[in-house]
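Enquirer: Once you've had a glance at the structure underneath, I'll fire off some questions.
The values are calculated or read from the model by the stated rules, or taken from the named source; none is laboratory data. Here the structure is a predicted model, which means the values were calculated and not measured. Methodologically, a virtual Cβ is constructed for each residue, glycine included, from the backbone with ideal geometry; neighbour enumeration extends over all protein chains shown. Only protein heavy atoms, including side chains, enter the accessible area calculation; ligands, DNA and RNA are left aside. Shrake-Rupley method; radii C 1.70, N 1.55, O 1.52, S 1.80 Å.
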Amino acid sequence: MAQENAQKTTKILIVDDVESNRFALRDIIQDMGYQPILAENGVQALKVVYRIQPQLIISDISMPEMDGYELCKVLKENPDTRNIPLIFISAFDDPSDVVKGFDLGSEDYITKPFIPKVVKARLKLHLRLCDATNELTDMNRRLQASVGEQLHQLEMEKKNVLYALIRVARENAGYDKDHMERLCYNCRILAEAMQLSAEYGQQISDSYIDTIELAAPLCDLGNVAIPTELLQKKEDLSENEIEVIRTHATIGAKVLQDIKDTGDNNDFLQMSIDIAHYHHENWDGSGYPCGIKGDEIPLAAQIVSVASAYCAMTENRVYRDSYQVLETLEMMEQDVGVKFNPCIFQILRKIYRQMR
């Protein structure tokens with residue numbers, strides 16, 4: 001009963017100048033048990049948003065008076081509305097349109113004609129993500145006011161909420177169910193070995209090891225906003241599709257930065273931001289999104305880059321089977337000095353039998 005009442009109070013704003021599209025989406029949303037609110041263009045939508053604060057917005061791109069891109073820009077520039085998830089709908093299927101939407105801050109993109117099951121799956125995904133993000137933000141506010149005996153309990157809650165977010169991202173990317181646990185474990189083992197080395201002994205403390213074990217899986221948090229069909233596509237990706245997938249690094253970092261900006265300035269969140277933003281930077285500067293190189297890359301991101309590559313190659317993917325461990329190490333060695341820090345990779349080679 002409580003869940004039904006929560007669904008009825010969940011308001012989803014539909015913005016489209018075509019009446020048939022508005023009504024088709026209205027029927028889908030009503031069938032899900034949510035409350036649809038209709039608007040014919042961006043100007044009308046802004047008045048509605050400021051009045052009712054919907055939980056999610058679905059907007060067409062091509063509209064009179066104010067198009068979807070301008071609506072998104074206005075909403076994302078306003079602190080009171082920037083966290084409302086916005087999904088674009090459009091008959092345009094050019095990947096550059098998708099990239100432009102993500103650049104403006106949208107969370108997803110659905111093409112017309114609508115497939116009800118796809119629309120429902122996307123809406124549920126982003127409502128879950130929004131709920132989890134809000135819960136995490138609230139929890140971090142509570143953490144600031146907590147006293148000593150509550151600290152441990154709240155830290156465990158934080159871990160559980162974050163991992164719930166990551167499970168959504170993992171499901172979206174089609175990773176093995178044990179991927180998150182393996183990545184946590186392997187980053188910890190690798191960091192412990194680095195702590196014993198001459199190169200990194202002074203940089204890696206016991207607290208650092210505990211933190212990277214918790215923060216490591218947040219590297220792919222941004223995958224919650226990448227279309228599932230791209231993440232699980234078996235065919236070769238186009239250049240524009242690759243650019244869409246690459247936005248997960250900045251999206252994930254932005255989600256975590258927004259949480260940090262609420263006032264929670266701790267080592268865990270800063271390391272999580274570094275990992276999410278920079279884990280695809282390459283040692284030689286050929287990576288993304290910033291093209292930094294060498295030790296310009298935060299150490300935690302370097303560790304996760306090596307460990308996550310090892311995990312990914314030794315797991316099944318929708319587009320290939322897993323590689324054997326020794327085969328994986330040989331393939332990774334070809335990228336030493338290009339993708340990977342040579343010192344960190346050599347430490348991994350020495351301890352690979354301890355890794356999962």
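Enquirer: Which residue is farthest from H277 (Cα to Cα), if the candidates are limited to segment 174-198 and must be out of contact with any helix residue (DSSP H, G or I) (no Cβ under 7 Å at 6 or more places or on another chain) and open to solvent by less than 60 Å² (accessible area, probe 1.4 Å)?
Expert: Step one: filter segment 174-198 for residues out of contact with any helix residue (DSSP H, G or I) (no Cβ under 7 Å at 6 or more places or on another chain), giving 175-178, 181, 185, 196, 198.
Now drop any that are not open to solvent by less than 60 Å² (accessible area, probe 1.4 Å), which leaves 175-176.
Details: Y175: 20, D176: 23 Å.
Only one residue tops the list, namely D176.
Enquirer: Scan segment 48-78 residue by residue and report those that are assigned to a loop (DSSP other than H, G, I, E, B), over 27 Å from the mean Cα position of the chain (by Cα) and of a type in the set (A, V, I, L, M).
Expert: Matches in segment 48-78: M63, M66.
Enquirer: Those residues that are surrounded by 14 or more Cβ atoms within 10 Å (Cβ to Cβ) and either over 20 Å from L183 (Cβ atoms) or of a type in the set (S, T, Y) (or both), I need them from segment 199-213; list them, please.
Expert: Once the filter is applied, which keeps residues that are surrounded by 14 or more Cβ atoms within 10 Å (Cβ to Cβ) and either over 20 Å from L183 (Cβ atoms) or of a type in the set (S, T, Y) (or both), segment 199-213 yields Y200, Y208, T211.
Enquirer: Sticking with this structure for a sec: I89 passes all but one of (1) in a helix (DSSP H, G or I); (2) at pLDDT below 90; (3) surrounded by 18 or more Cβ atoms within 10 Å (Cβ to Cβ); which number fails?
Expert: It fails just one condition, (1).
Enquirer: Output the residue which, of all residues in segment 85-124 that are touching a residue at least 60 places away in the same chain (Cβ under 8 Å) and in contact with a strand residue (DSSP E or B) (Cβ under 7 Å, 6 or more places away or on another chain), is nearest to E239 (Cα to Cα).
Expert: V98
Enquirer: Within segment 92-108, work out how many residues are of a type in the set (D, E), open to solvent by 20 Å² or more (accessible area, probe 1.4 Å) and within 16 Å of the chain's Cα centre (by Cα). Break it down stepwise before answering.
Expert: The first filter runs over segment 92-108 and keeps only residues of a type in the set (D, E), leaving 93-94, 97, 103, 107-108.
So of that shortlist, the ones also open to solvent by 20 Å² or more (accessible area, probe 1.4 Å) come out as 93-94, 97, 103, 107.
Next, only the ones that are within 16 Å of the chain's Cα centre (by Cα) stay: 103, 107.
The qualifying residues number 2.
Enquirer: In segment 22-53, how many are open to solvent by less than 30 Å² (accessible area, probe 1.4 Å) and touching a residue at least 40 places away in the same chain (Cβ under 8 Å)? If you could, list the steps in order and put the result at the bottom.
Expert: Of the residues in segment 22-53, the ones open to solvent by less than 30 Å² (accessible area, probe 1.4 Å) are 22, 25, 28-29, 32-33, 36, 39, 41-42, 45-46, 48-49.
Okay, now just the ones that are also touching a residue at least 40 places away in the same chain (Cβ under 8 Å), so 25, 28-29, 32.
Of the residues in that region, 4 qualify.
Enquirer: Here's another thing I want to ask about it. Looking at I226, I251, I259 in this structure, which one is in contact with a His (Cβ under 9 Å, 6 or more places away or on another chain) and farther than 30 Å from Q346 by Cα?
Expert: Working: I251 fails: in contact with a His (Cβ under 9 Å, 6 or more places away or on another chain); I259 fails: in contact with a His (Cβ under 9 Å, 6 or more places away or on another chain).
Of I226, I251, I259, the one residue that is in contact with a His (Cβ under 9 Å, 6 or more places away or on another chain) and farther than 30 Å from Q346 by Cα is I226.
Enquirer: Oh, and also: Across segment 216-254, what is the total count of residues that are closer than 29 Å to L190 by Cβ, open to solvent by less than 40 Å² (accessible area, probe 1.4 Å) and assigned to a helix (DSSP H, G or I)?
Expert: Going through segment 216-254 one residue at a time, the tally reaches 17.
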